[in-house]
Amino acid sequence: MSLQDIKHIALVLSGKGGVGKSSVTTQLALALSLQGHNVGVLDIDLTGPSIPRFFGIESAKVRQAPGGWLPVQVHDGQEASDKTNGHHENGQEKNSQSGHGALYCMSLGFLLANRGDAVVWRGPKKTAMVRQFLSDVHWGPLDYLLIDTPPGTSDEHISLVETLLKSATPEQLAGAVIVTTPQAISVSDVKKEINFCRKTSVHVLGVIENMAGFVCPNCAECTDVFSKGGGKAMATEFEVPFLGSVPIDPMFIRLIEEGKAPVYPEGTVVDGQDMHQNGEKSEVGDEGLLVEKYARCSLCPVFAGIVRGLVDNINVTAG
Amino acid sequence: MAPSLEEPIQPVDDALDSHLRKQPALKAAPPEHCPGPESEQAGKQDACAGCPNQAICASAPKGPDPDIPIITERLSGVKHKILVLSGKGGVGKSTFTTMLAHAFASNAENVVGVMDTDICGPSIPKMMGVETETIHVSSTGWEPVWVSENLGVMSVQFMLPNRDDAVIWRGPKKNGLIKQFLKDVEWGEMDYLVVDTPPGTSDEHLSVNSFLKESGVDGAVLVTTPQEVSLLDVRKEIDFCRKAGIPILGLVENMSGFVCPKCTHQSEIFRPTTGGGRQLAKDTNIPFLGAVPLDPRIGMSCDYGESFFDNFGDSPACEALRDVVRNVAEVLGMKGEDVLPLDD
């Protein structure tokens with residue numbers, strides 16, 4: 001049973017495509033890892049797997065072990081170099097010098113011979129693959145398993161929830177994180193997803209509003225590219241926790257697309273932290289680990305906050 | 001069950017083929033390695049041993065789906081059928097579908113239909129501003145919801161008792177509804193039928209393709225955003241189209257570049273690090289139909305269900321969209337200016 005050593009399982013869901021499920025999953029995993037947790041990421045978007053691209057491990061292949069598959073390791077766990085400051089409440093001590101937990105991934109992308117190959121599968125085949133991903137991957141001991149999903153409320157989701165309700169204990173299955181963009185178009189699809197969770201009795205851990213505003217790198221004017229406030233209003237309407245808003249950061253996209261460490265112009269302050277100085281202090285170059293480079297991204301403090309809220313909610317649920 | 005690493009991917013031809021056949025009624029859920037109740041191997045493979053459906057599958061007639069000629073008959077009055085596809089979600093398929101339909105319909109002589117095959121996340125009704133409508137059933141079939149005199153829409157949203165209800169359906173049920181949209185809807189005489197699809201390459205896409213094969217599809221317009229995460233999935237969709245024999249009309253790049261409303265500095269929010277849609281079109285040898293910049297007002301128009309063309313006709317995004325629509329018309333063998341007359 002591959003799920004038995006996992007403490008908490010959280011799904012990342014959204015009725016709408018392209019709102020940043022994979023991006024949010026990636027950043028939740030990195031933020032959890034930076035707070036010292038061991039994290040696994042399972043990508044069950046079978047026809048459009050993005051997780052390998054996000055973690056920059058597209059060429060990796062899954063290895064076979066007796067009775068199952070070994071997930072692809074993104075980075076190993078590392079103890080903090082200076083343990084005395086490891087217990088701050090605000091989590092901002094987690095810069096590139098501090099330790100991080102191990103991070104593993106599993107995706108159908110690792111099983112494809114060619115990255116451009118289409119996976120044309122009907123329902124039963126997808127169901128079988130989802131079940132196999134849940135039963136045959138040797139995750140080892142994990143604090144958190146994040147499951148990235150395709151858009152919609154169909155085969156993959158039904159199979160995923162069915163299998164989890166059967167094979168994971170209620171303490172393990174923490175619940176679902178819902179991702180939306182602020183637009184009404186996205187919110188109206190995502191409401192369907194919350195109703196899906198209610199019908200299948202999956203606990204909603206909270207709503208994350210992604211792509212909330214874009215700060216012009218030239219004049220620092222913040223434009224609400226995809227409207228504003230929709231996520232929070234929806235969370236209030238459905239009485240579920242609102243975990244936070246995430247702006248668009250071109251530096252994060254650059255980090256994922258080109259692997260370049262984020263650099264910010266002078267005077268960029270996020271959460272009281274000067275991102276410009278933060279970048280200059282650190283010695284992490286473009287060759288560093290993704291998690292180290294991410295620690296310099298302006299979204300890192302944002303996600304550190306979201307993850308703290310999420311972990312609290314999970315602990316409350318788990319009793 | 002021992003996992004197998006070798007060739008986990010079902011050949012596309014198989015999936016396409018078996019979809020064209022008639023499906024028998026099953027009495028239990030198909031097993032994990034079900035060959036598909038409509039396939040030649042149905043009831044004969046290892047996975048079928050012990051399956052409660054075995055006898056049904058083995059004895060079911062293996063002929064083509066008898067509903068396909070009915071669909072062909074129903075759609076005989078539709079001149080052009082265009083699919084809007086993308087492997088990736090949220091790149092603007094529905095927005096583009098809406099724009100294309102509005103653009104075609106701006107010529108009062110055209111009659112335009114839009115079919116929304118995104119069953120789990122229908123967006124078209126909201127974008128068209130007809131979210132609260134319901135379908136009228138007459139003796140000849142279902143009547144589409146008319147947005148204007150010459151623009152009709154069909155979507156699962158019109159059938160939901162509550163706006164926010166989740167449609168928790170597996171593949172076969174979704175296929176059934178798509179078939180009904182084609183078979184039972186009174187499309188009538190139409191110049192254009194634009195079919196909006198969900199992201200991916202799965203049940204909905206296979207169904208639309210197989211049901212429309214006989215009646216002839218003009219082709220597919222692929223939509224992408226400039227970043228590689230999106231192009232990666234669109235490449236899969238191109239692969240799918242090629243294998244399924246769907247002609248590709250071209251590729252549209254959406255959300256390419258954003259102009260700051262304050263300082264008019266252009267930033268690339270979704271950076272085209274691998275050359276964007278233009279390069280992909282070149283690499284895969286398909287026509288590039290144009291790039292539409294990111295304009296927050298497009299999203300707002302969609303949220304309020306208004307036509308972007310009517311509200312912000314002179315914006316650069318609108319101009320780019322008009323060009324794309326003209327290019328689509330050219331690829332279809334018409335004159336771009338006839339479909340959307342030039343302003344000056």
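The values are calculated or read from the model by the stated rules, or taken from the named source; none is laboratory data. For clarity, every value in this text was computed on a predicted model and none was experimentally measured. Because the Cβ atoms are built from the backbone with ideal geometry, glycine has one as well, and the counts that use them run over all protein chains shown. These accessible areas exclude ligands, DNA and RNA; they are computed on the full protein's heavy atoms, side chains included. Shrake-Rupley method; radii C 1.70, N 1.55, O 1.52, S 1.80 Å.
For the residues A:Thr153, A:Thr181, A:Thr223, A:Thr163, the requirement of being hydroxyl-bearing (Ser, Thr, Tyr) and at pLDDT below 90 singles out A:Thr223.
Condition first: of a type in the set (A, V, I, L, M), within 14 Å of chain B (Cβ to nearest Cβ) and in contact (Cβ under 8 Å) with a residue 12 or more places away in the chain. Can you find one or more residues in the stretch A:122-129 that meet it? Please lay out each step first, then the result.
Initial filter on the stretch A:122-129 (of a type in the set (A, V, I, L, M)): A:128-129.
With within 14 Å of chain B (Cβ to nearest Cβ) added as a condition, the list becomes A:128-129.
With the extra rule that they be in contact (Cβ under 8 Å) with a residue 12 or more places away in the chain, the set shrinks to A:129.
Among the residues of the stretch A:122-129, at least one is of a type in the set (A, V, I, L, M), within 14 Å of chain B (Cβ to nearest Cβ) and in contact (Cβ under 8 Å) with a residue 12 or more places away in the chain, which makes the answer yes.
Looking across the stretch B:115-137 at every residue that is facing chain A (nearest Cβ under 7 Å) and either of a type outside the set (A, V, I, L, M, F, W, C) or touching an Asp or Glu at 6+ places or on another chain (Cβ under 6 Å) (or both), the one that is surrounded by the most Cβ atoms within 10 Å (Cβ to Cβ) is identified as B:Gly121. Scanning the stretch A:199-238 for residues that are within 18 Å of A:Ile306 (Cβ to Cβ), polar (S, T, N, Q) and either at the interface with chain B (Cβ under 9 Å from one of its Cβ atoms) or surrounded by 18 or more Cβ atoms within 10 Å (Cβ to Cβ) (or both) gives a single hit, A:Asn210. Considered as a group, the residues in the stretch B:55-71 that are open to solvent by less than 70 Å² (accessible area, probe 1.4 Å) and either outside any loop (DSSP other than H, G, I, E, B) or in contact with a Cys (Cβ under 8 Å, 6 or more places away or on another chain) (or both) include one that is modelled with the highest pLDDT, and that residue is B:Ile71.
Screening the stretch B:243-276 for residues that are outside any loop (DSSP other than H, G, I, E, B), of a type in the set (Gly, Ala, Ser) and at pLDDT below 95 and picking the one that is nearest to B:Ser202 (Cα to Cα) gives B:Ala244.
Tallying residues that are within 23 Å of A:Lys199 (Cα to Cα) and among the β-branched types (Val, Ile, Thr) within the stretch B:153-185 yields 3. Being open to solvent by 30 Å² or more (accessible area, probe 1.4 Å) and in contact with a helix residue (DSSP H, G or I) (Cβ under 8 Å, 6 or more places away or on another chain) is a property that B:Arg235 has. When you look at A:Asp249, is it more than 7 Å from chain B (Cβ to nearest Cβ) and surrounded by 21 or more Cβ atoms within 10 Å (Cβ to Cβ), yes or no? Taking the combined requirement at face value, the residue satisfies it. One residue is enough: does the stretch B:90-106 have a residue meeting the conditions touching a Lys or Arg at 6+ places or on another chain (Cβ under 7 Å) and either of a type in the set (S, T, N, Q) or under 24 Å from B:Arg235 (Cβ atoms) (or both)? The answer is yes, given that some residue of the stretch B:90-106 is touching a Lys or Arg at 6+ places or on another chain (Cβ under 7 Å) and either of a type in the set (S, T, N, Q) or under 24 Å from B:Arg235 (Cβ atoms) (or both). Each residue in the stretch B:286-298 was checked for being open to solvent by less than 20 Å² (accessible area, probe 1.4 Å) and more than 20 Å from A:Val225 (Cβ to Cβ), and 3 of them qualify.
Within the stretch B:250-264, restricting attention to residues that are surrounded by fewer than 22 Cβ atoms within 10 Å (Cβ to Cβ) and within 28 Å of B:Leu83 (Cβ to Cβ), which residue is nearest to the chain's Cα centre (by Cα)?
B:Gly250
In the stretch A:179-198, the residues that are in contact (Cβ under 8 Å) with a residue 24 or more places away in the chain and within 9 Å of chain B (Cβ to nearest Cβ) form Cβ pairs under 6 Å with partners that are of a type in the set (Phe, Trp, Tyr) and assigned to a helix (DSSP H, G or I), at six or more places apart or across chains, as follows: A:Ile194/A:Phe238.
Among the numbered criteria (1) closer than 26 Å to A:Leu13 by Cβ; (2) within 13 Å of chain A (Cβ to nearest Cβ); (3) at pLDDT 75 or above; (4) touching a helix residue (DSSP H, G or I) at 6+ places or on another chain (Cβ under 6 Å), which one does B:Cys48 miss? (1) is the only condition that B:Cys48 fails. Going through (1) closer than 21 Å to B:Ala291 by Cα; (2) open to solvent by less than 10 Å² (accessible area, probe 1.4 Å) one by one, B:Phe158 falls short only on (1).
Hey, any hits in the stretch A:128-145 for a residue that's modelled with pLDDT of 90 or more, surrounded by fewer than 22 Cβ atoms within 10 Å (Cβ to Cβ) and part of a strand (DSSP E or B)? Yes; the residues of the stretch A:128-145 include at least one that is modelled with pLDDT of 90 or more, surrounded by fewer than 22 Cβ atoms within 10 Å (Cβ to Cβ) and part of a strand (DSSP E or B).
Among the strands (runs of 3 or more DSSP E) confined to the stretch A:1-74, the ones with at least 2 residues that are farther than 30 Å from B:Gly92 by Cβ and more than 11 Å from chain B (Cβ to nearest Cβ) are located at A:6-13, A:39-43. When restricted to residues that are within 21 Å of B:Glu189 (Cβ to Cβ) and not β-branched (Val, Ile, Thr), the stretch B:117-136 contains 2.
Going by the structure shown, is B:Asp283 open to solvent by 50 Å² or more (accessible area, probe 1.4 Å), without any contact (Cβ under 8 Å) to a residue 40 or more places away in the chain and part of a helix (DSSP H, G or I)? Lay out the reasoning, then the answer.
Numbers: open to solvent by 50 Å² or more (accessible area, probe 1.4 Å): yes; without any contact (Cβ under 8 Å) to a residue 40 or more places away in the chain: yes; part of a helix (DSSP H, G or I): yes.
Yes, satisfied.
Among the residues of the stretch A:156-165, is there at least one that is farther than 19 Å from A:Ser14 by Cβ and free of Cβ contacts under 8 Å to residues at least 12 places away in the same chain? Within the stretch A:156-165, one or more residues are farther than 19 Å from A:Ser14 by Cβ and free of Cβ contacts under 8 Å to residues at least 12 places away in the same chain.
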